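The structure under discussion appears below in the form of structure tokens.
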Amino acid sequence: MEYLMLSKPLENLSYSELADTVADLGMDGVDLTVRSPGHVLPERVKTDLPKAAQDIRSRGLEIGWLTTAIESAQSQYADDILATASDLGIKQFKLGYYRYAGFGAMRRQIAEVREQLRGIEALCRKHGIQAGVHAHDGPALSATTHVVSLLLEGFDPAALCYYPDLGHIGIEGSFGGWIHGLDLLSDRINMLALENLAQFQEADPETGRMSWRPKVVPFDQGFIPFPEAFQYLKQIGYTGYASFQAEYRGANSFKDMNQQELLAQVKQDLQYTKQLAGEVGL
């Protein structure tokens, strides 16, 4: 398994600074944001993505895939993004999110999103690239794998894959649910996001009411036992990249880190991951 650094936590850096930082971390490549905000703005993708690729590859790194906000074939600049990526030899990208409209809307939304994915499938075939439906907890339709399985049913796996995020599937299925999900969609998993999350109880500053909130924690903490998860990834034969999300900033992190602290934590997470991957032969 090879490792990518999501560029989102480092969007203050230039392309060359990003490349230097990711190389110094010991990563194999970059998961590059091409959205607004992002490292490459969609309207500038034809000029800026080749520049980013040149700077990143000059450090011996690859752009493993792009993180985009594309939701349909009609999304603005979707064709430009995929055409440019394909020309540069980038073979995968993350789709944007489909937000759950609320109770009673699920069946209708699944049908609507499947129509959008039909257009995505055609666009992916046109450009020889693969789209990943990323798991995200909460109001995203991709929060649970039983819904994702309905969304992807019947589509070409070479065009549309499942992109599980260990942290998010852990929040949604902290006991057996995350295992069931990896099992159910094992033949669709061709991208992987690494992070871990836990629940923290907090008081609402206005009402004082206590509630639970998911926050990003180090890989060896949180709901997902990484050693067990890596065993399953080995069992299904996962050989793709793994993207470090590293969202250790702001209120969604167990600790709001500055950039130096964030990079130090990513190094610890990477060391832990490499050790586990070595133990299971992943």
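Only one of (1) free of Cβ contacts under 8 Å to residues at least 12 places away in the same chain; (2) touching a strand residue (DSSP E or B) at 6+ places or on another chain (Cβ under 6 Å) fails for Gly104. Which number is that?
All conditions are met except number (2).
In the set Glu2, Glu43, Glu71, which member is more than 24 Å from Tyr162 (Cβ to Cβ) and charged (D, E, K, R)?
Glu43
Hey, among the residues in the stretch 185-215 that are free of Cβ contacts under 8 Å to residues at least 60 places away in the same chain and polar (S, T, N, Q), which one's nearest to Thr144 (Cα to Cα)?
Ser186
Considering only the stretch 216-230, I want to know if a residue exists there that is under 28 Å from Gly154 (Cα atoms), out of contact with any strand residue (DSSP E or B) (no Cβ under 6 Å at 6 or more places or on another chain) and free of Cβ contacts under 8 Å to residues at least 60 places away in the same chain.
Going through the stretch 216-230, the residues under 28 Å from Gly154 (Cα atoms) turn out to be 229-230.
Applying the additional criterion that residues be out of contact with any strand residue (DSSP E or B) (no Cβ under 6 Å at 6 or more places or on another chain) yields 229-230.
Checking the rest, the ones that are also free of Cβ contacts under 8 Å to residues at least 60 places away in the same chain come to 230.
There is at least one residue in the stretch 216-230 that is under 28 Å from Gly154 (Cα atoms), out of contact with any strand residue (DSSP E or B) (no Cβ under 6 Å at 6 or more places or on another chain) and free of Cβ contacts under 8 Å to residues at least 60 places away in the same chain.
Give just the number: which of (1) more than 22 Å from Arg118 (Cα to Cα); (2) surrounded by fewer than 20 Cβ atoms within 10 Å (Cβ to Cβ); (3) of a type outside the set (Ser, Thr, Tyr) does Val45 not satisfy?
(2)
Looking at Leu66, Leu88, Leu82, which is the one that is farther than 20 Å from Leu270 by Cβ and in contact with a His (Cβ under 6 Å, 6 or more places away or on another chain)?
Working: Leu66 fails: in contact with a His (Cβ under 6 Å, 6 or more places away or on another chain); Leu88 fails: in contact with a His (Cβ under 6 Å, 6 or more places away or on another chain).
Leu82 is the lone residue from the list that is farther than 20 Å from Leu270 by Cβ and in contact with a His (Cβ under 6 Å, 6 or more places away or on another chain).
Here's the yes/no breakdown for (1) in contact with a Ser or Thr (Cβ under 7 Å, 6 or more places away or on another chain); (2) surrounded by 22 or more Cβ atoms within 10 Å (Cβ to Cβ):
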| site | (1), (2) |
| --- | --- |
| Ala85 | no, yes |
| Leu88 | no, no |
| Gly96 | yes, no |
| Ile120 | yes, yes |
| Arg125 | no, no |
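Go through (1) under 28 Å from Phe244 (Cβ atoms); (2) modelled with pLDDT of 95 or more; (3) not aliphatic (A, V, I, L, M) and name the single condition His146 misses.
It is condition (2) that His146 fails.
Residues in the stretch 56-72 that are crowded, with 19+ Cβ neighbours inside 10 Å and of a type outside the set (A, V, I, L, M): how many? Spell out how you get there, then give the answer.
First, the residues of the stretch 56-72 that are crowded, with 19+ Cβ neighbours inside 10 Å: 56, 61, 63-70.
Narrowing further to those that are of a type outside the set (A, V, I, L, M): 64-65, 67-68.
Total satisfying the criteria: 4.
Would it be correct to say that Ser149 is surrounded by fewer than 17 Cβ atoms within 10 Å (Cβ to Cβ), under 18 Å from the mean Cα position of the chain (by Cα) and assigned to a helix (DSSP H, G or I)?
Numbers: surrounded by fewer than 17 Cβ atoms within 10 Å (Cβ to Cβ): yes; under 18 Å from the mean Cα position of the chain (by Cα): yes; assigned to a helix (DSSP H, G or I): yes.
The answer is yes for Ser149.
Go through the residues of the stretch 197-220 one by one and say whether even a single one is of a type in the set (Ser, Thr, Tyr) and under 27 Å from Gly132 (Cβ atoms). Write out each step before concluding.
Applying the first criterion (of a type in the set (Ser, Thr, Tyr)) to the stretch 197-220 yields 207, 211.
Checking the rest, the ones that are also under 27 Å from Gly132 (Cβ atoms) come to none.
The answer is no; no qualifying residue exists.
Which condition does Val113 not pass, out of (1) touching a helix residue (DSSP H, G or I) at 6+ places or on another chain (Cβ under 7 Å); (2) surrounded by fewer than 23 Cβ atoms within 10 Å (Cβ to Cβ); (3) under 25 Å from Leu194 (Cα atoms), if it passes all the others?
Val113 satisfies all of (1) touching a helix residue (DSSP H, G or I) at 6+ places or on another chain (Cβ under 7 Å); (2) surrounded by fewer than 23 Cβ atoms within 10 Å (Cβ to Cβ); (3) under 25 Å from Leu194 (Cα atoms) except (3).
Would it be correct to say that Phe254 is without any contact (Cβ under 8 Å) to a residue 60 or more places away in the chain, surrounded by fewer than 19 Cβ atoms within 10 Å (Cβ to Cβ), within 16 Å of Gly167 (Cα to Cα) and hydrophobic (A, V, I, L, M, F, W, C)? Even if it seems obvious, please write down each step before you answer.
Working: without any contact (Cβ under 8 Å) to a residue 60 or more places away in the chain: yes; surrounded by fewer than 19 Cβ atoms within 10 Å (Cβ to Cβ): yes; within 16 Å of Gly167 (Cα to Cα): yes; hydrophobic (A, V, I, L, M, F, W, C): yes.
Yes, satisfied.
Pairs under 8 Å by beta carbon, first residue touching a residue at least 60 places away in the same chain (Cβ under 8 Å) and small (Gly, Ala, Ser) in the stretch 13-42, partner crowded, with 19+ Cβ neighbours inside 10 Å and assigned to a helix (DSSP H, G or I), six or more apart or different chains?
Qualifying pairs under 8 Å: Gly26/Leu270; Gly29/Val22; Gly29/Ile56.
The values are calculated or read from the model by the stated rules, or taken from the named source; none is laboratory data. Quantities reported herein were computed from a predicted structural model and do not represent experimental measurements. Quick reminder, even Gly has a Cβ in these numbers, built from the backbone with ideal geometry, and neighbours come from all protein chains shown.
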